[in-house]
Amino acid sequence: MTTQTHHVDHELIEAAAHVARTRCRGDQHTMAAAARARDGRIVTAVNVYHFTGGPCELALIGAAAAQGVHELDTIVAVGDRDRGVVPPCGRCRQVLLDYFPALEVIVGGDDRVRTVRITDLLPESYVWADHQGDAE
């Protein structure tokens, strides 16, 4: 597998980091996410942690939809307590792939931050849309 890296959107990382610093409180909100919409807007959200899971990128998809944003170009998650960029979990990777197959994701830490396509994070992936019958 060859992973091609793309431009790193540092403004997006800072937007998520700002939300993590100012909005994440205690054990219920531990991650922040930011995404750049196709029209250039930045949408942010925090996770809702629960012992059954605490997806941050999924919360962001809902927040984006509530703001009328349905096309995302790039996404990043940042942990609270200055943990920096955190890659999406497997469940979030699958949903991101299904909703936004051309999405770019910022991953890595410190001096290794890079941007890769969601398809690079899920090689040989199951694409839900490919397995749906034609509804007639």
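The values are calculated or read from the model by the stated rules, or taken from the named source; none is laboratory data. Keep in mind the model is a prediction, meaning the values are calculated, not measured. Don't worry about glycine lacking a Cβ; one is built from the backbone with ideal geometry, like all the others, and counts go over all protein chains shown. These accessible areas exclude ligands, DNA and RNA; they are computed on the full protein's heavy atoms, side chains included. Shrake-Rupley method; radii C 1.70, N 1.55, O 1.52, S 1.80 Å.
Take the Cβ atoms of Arg81 and Ser125, set R0 to 35 Å, and the FRET efficiency comes out at 0.65.
Give me Rg/Rg_expected for the stretch 1-88, where Rg uses Cα atoms only and Rg_expected = 2.2 N^0.38 Å with N residues.
Working it through for the stretch 1-88, the quotient is 1.06.
Placing unit charges on each Cβ (+1 for Lys and Arg, -1 for Asp and Glu) gives the stretch 27-136 a dipole about its Cα centre, and among Gly79, Cys92, Val48 the Cα reaching farthest toward its positive end belongs to Gly79. Carbon-plus-sulfur fraction of the accessible area of the chain, 1.4 Å probe, in percent? Of all accessible area on the chain, carbon and sulfur atoms account for 50 percent.
Using the Cβ-Cβ distance between Gln132 and His6 with R0 set to 30 Å, the FRET efficiency works out to roughly 0.55. On a per residue basis, the chain carries 58 Å² of accessible surface, using protein heavy atoms and a 1.4 Å probe. If one takes the longest principal axis of the Cα atoms in the chain, at what angle in degrees, from 0 to 90 and to the nearest 10, does the Cα axis of helix 10-23 lie? Helix 10-23 sits roughly 60 degrees off the main axis of the chain. Each other residue within a Cβ distance under 12 Å of Leu12 adds +1 if Lys or Arg and -1 if Asp or Glu, for a net charge of -3.
Relative protection proxy for 110-121, 72-83, 36-47, from highest mean packing down: 72-83, 36-47, 110-121 (other beta-carbon atoms within 10 angstrom). Relative contact order for the chain: 23 percent, from Cα pairs under 8 Å spaced at least 6 residues apart, divided by residue count. Net charge of the neighbourhood of Pro55, taken over other residues with C-beta under 11 Å away and scored Lys/Arg +1, Asp/Glu -1, is +1.
Using only alpha carbon pairs under 8 Å that are at least six residues apart, calculate the relative contact order of the stretch 50-107 and give it in whole percent.
38
Peptide packing for 15-26, 94-105 was compared via the average number of neighbouring C-beta atoms within 10 Å per residue; ordered from the highest value, the list is 94-105, 15-26.
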